[in-house]
Each structure stands twice: as C-alpha cells, then as structure tokens.
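Trainee: Sharing a structure below in structure tokens format, with a few things to ask.
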Amino acid sequence: MSLSMFKNINSLAGKSKILDGFAVFCAIYLLPLMMVYLLIVSFSRRNLEMFFYPTLAGLFSAFVVSKIIYIFYIEKRPARLKTTNLLIAIPKNPSFPSRHASLVFGMSFCLVFYSEFLSFVFLILSCFVAIARVFCGVHWLRDVLAGAVVGFFSAIIIYYLLTLI
C-alpha cells in the first residue's frame, strides 16, 4: 500500500513547473520560514517560550527520537527506485521517520499550548512539508506519517518536562 501511495503522489512530479516549484519550496524552504515567523510572533507577543518550547520539541523529535529510531530501523529512501521522480537532493540519513516531518509536526503540536489558531495553521503547513517530501521523491508516505507521530509525542514530552522545571 505504501508503495502505491508513494507512486500516486510522486507520479505527479515533473508534470508541471509550477507544482514542482511549489513542492520544492515546501520540501526545503517552508520549515525555516515557519521557524522565522514563529520567532517574530513570539517577540511581538513578548513570549519567547512560544518560540523556545515548540522549537525544542521539534529539535528533540528530529535529532534525538529519530536518531534513536535510526539505530534500530533503517529504511532506504524511495530514490533507489528507478521510477522515482526526484526533484531535490537525497538526504544522507535514513528515510524512516522523516526528520523534516518530525521537526515541523513537533513544533506544530507543541504550539497548541500557546495558540490553538497558530498551531492549526502550522499543522496545515506541516502537512504541506510532509507531502512535498513524498512528492519530491525523498520519503515514503509512512516516513512522514511516522514523523508526525514522533512529533506529536515529542511535543507532549518536552512541554510537560519543561513546565515541571
């Protein structure tokens, strides 16, 4: 099922310069723009915790939890298939879970403790990042779904650990 879902999404790559450009933008540049925007909002609200905790949750998700999973489970990227339409460079780390998805979803889920509306917007943007990574040929659909789950649990863990201090 995952292979067919991947092929359905990735088969659209290379058919429209506008769609390809949007997907590449979402896969590479949307995450840093989200972080910059969150920093600006946090400064304007004079609430740096609103930036610090979600960012920490995202980083914890991507660089601690995902690294632990990489030790026990290594999944090759879909770029190894000759039929994959590849639009961006292939990352060197394992495919499962998606580090990008872990980071953006970790941030987005942790934001709910500060602004439900902003969390909702960030969750939608996170979906764009995740689907774009599949569209561009560097992740399986299960990679980004696992990244969302890892991000969810990391957000809860980080938020509650930091509020206990």
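Here, each number is a calculation from the coordinates, and none is a lab measurement. Worth saying up front: this structure is predicted, and the values here are computed from it rather than measured. Cβ placement follows ideal geometry from the backbone for every residue including glycine, while neighbour counts extend to all protein chains displayed.
Trainee: Working only within the stretch 106-158, note down all residues that are of a type in the set (A, V, I, L, M) and over 30 Å from G14 (Cα atoms). Lay out the reasoning, then the answer.
Mentor: Taking the stretch 106-158 and keeping what is of a type in the set (A, V, I, L, M), we get 107, 111-112, 118, 121, 123-125, 129-132, 134, 138, 141, 144-146, 148-150, 155-158.
Hits for the stretch 106-158 are M107, L111, V112, L118, V150, A155, I156, I157, I158.
Trainee: Could you list, in sequence order, all residues of the stretch 110-125 that are free of Cβ contacts under 8 Å to residues at least 60 places away in the same chain and either within 26 Å of R77 (Cα to Cα) or surrounded by fewer than 24 Cβ atoms within 10 Å (Cβ to Cβ) (or both)? Before the answer, list the steps.
Mentor: First, the residues of the stretch 110-125 that are free of Cβ contacts under 8 Å to residues at least 60 places away in the same chain: 110, 112, 116-117, 119-121, 123-124.
Within the stretch 110-125, V112, E116, F117, S119, F120, V121, L123, I124 qualify.
Trainee: Can you spot a residue in the stretch 110-127 that is within 16 Å of the chain's Cα centre (by Cα) and in a loop (DSSP other than H, G, I, E, B)?
Mentor: For the stretch 110-127, residues within 16 Å of the chain's Cα centre (by Cα) and in a loop (DSSP other than H, G, I, E, B): absent.
Trainee: Please identify the pairs in which a residue from the stretch 74-86 that is touching a residue at least 60 places away in the same chain (Cβ under 8 Å) has its Cβ atom under 6 Å from the Cβ atom of a residue that is assigned to a loop (DSSP other than H, G, I, E, B) and aromatic (F, W, Y), counting only partners at least 6 apart or on another chain.
Mentor: Short answer, once both residue conditions are applied: E75/F96; P78/W140.
Trainee: May I ask you to say which residue of L162, L103 is in a helix (DSSP H, G or I) and either surrounded by fewer than 19 Cβ atoms within 10 Å (Cβ to Cβ) or touching a strand residue (DSSP E or B) at 6+ places or on another chain (Cβ under 6 Å) (or both)?
Mentor: Step by step, each of L162, L103 is checked, and only L162 is in a helix (DSSP H, G or I) and either surrounded by fewer than 19 Cβ atoms within 10 Å (Cβ to Cβ) or touching a strand residue (DSSP E or B) at 6+ places or on another chain (Cβ under 6 Å) (or both).
Trainee: Kindly indicate whether S95 is in contact (Cβ under 8 Å) with a residue 12 or more places away in the chain and touching a Lys or Arg at 6+ places or on another chain (Cβ under 6 Å). Lay out the reasoning, then the answer.
Mentor: Details: in contact (Cβ under 8 Å) with a residue 12 or more places away in the chain: yes; touching a Lys or Arg at 6+ places or on another chain (Cβ under 6 Å): yes.
Considered against the rule, which asks whether it is in contact (Cβ under 8 Å) with a residue 12 or more places away in the chain and touching a Lys or Arg at 6+ places or on another chain (Cβ under 6 Å), S95 comes out as yes.
Trainee: Quick check: anything in the stretch 33-50 of a type outside the set (D, E, K, R) and within 28 Å of K7 (Cβ to Cβ)?
Mentor: First, pick out the residues of the stretch 33-50 that are of a type outside the set (D, E, K, R): 33-44, 47-48, 50.
Checking which are within 28 Å of K7 (Cβ to Cβ) leaves us with none.
No.
Trainee: Can you pull out every residue in the stretch 61-97 that is farther than 26 Å from L19 by Cα, within 18 Å of the chain's Cα centre (by Cα) and not in a loop (DSSP other than H, G, I, E, B)?
Mentor: Once the filter is applied, which keeps residues that are farther than 26 Å from L19 by Cα, within 18 Å of the chain's Cα centre (by Cα) and not in a loop (DSSP other than H, G, I, E, B), the stretch 61-97 yields S61, A62, F63, V64, V65, S66, K67, I68, I69, Y70.
Trainee: In addition: Please work out which residue is surrounded by the fewest Cβ atoms within 10 Å (Cβ to Cβ), limiting yourself to the stretch 1-24 and to residues that are under 19 Å from G147 (Cβ atoms) and within 19 Å of the chain's Cα centre (by Cα).
Mentor: Result: S2.
Trainee: Just to be sure before I move on: is V138 β-branched (V, I, T), part of a helix (DSSP H, G or I) and in contact (Cβ under 8 Å) with a residue 24 or more places away in the chain in the structure I sent? Lay out the reasoning, then the answer.
Mentor: Numbers: β-branched (V, I, T): yes; part of a helix (DSSP H, G or I): no; in contact (Cβ under 8 Å) with a residue 24 or more places away in the chain: yes.
Taking the combined requirement at face value, the residue does not satisfy it.
Trainee: (1) in a helix (DSSP H, G or I); (2) free of Cβ contacts under 8 Å to residues at least 12 places away in the same chain: which one isn't true of F51, the others all being true?
Mentor: (2)
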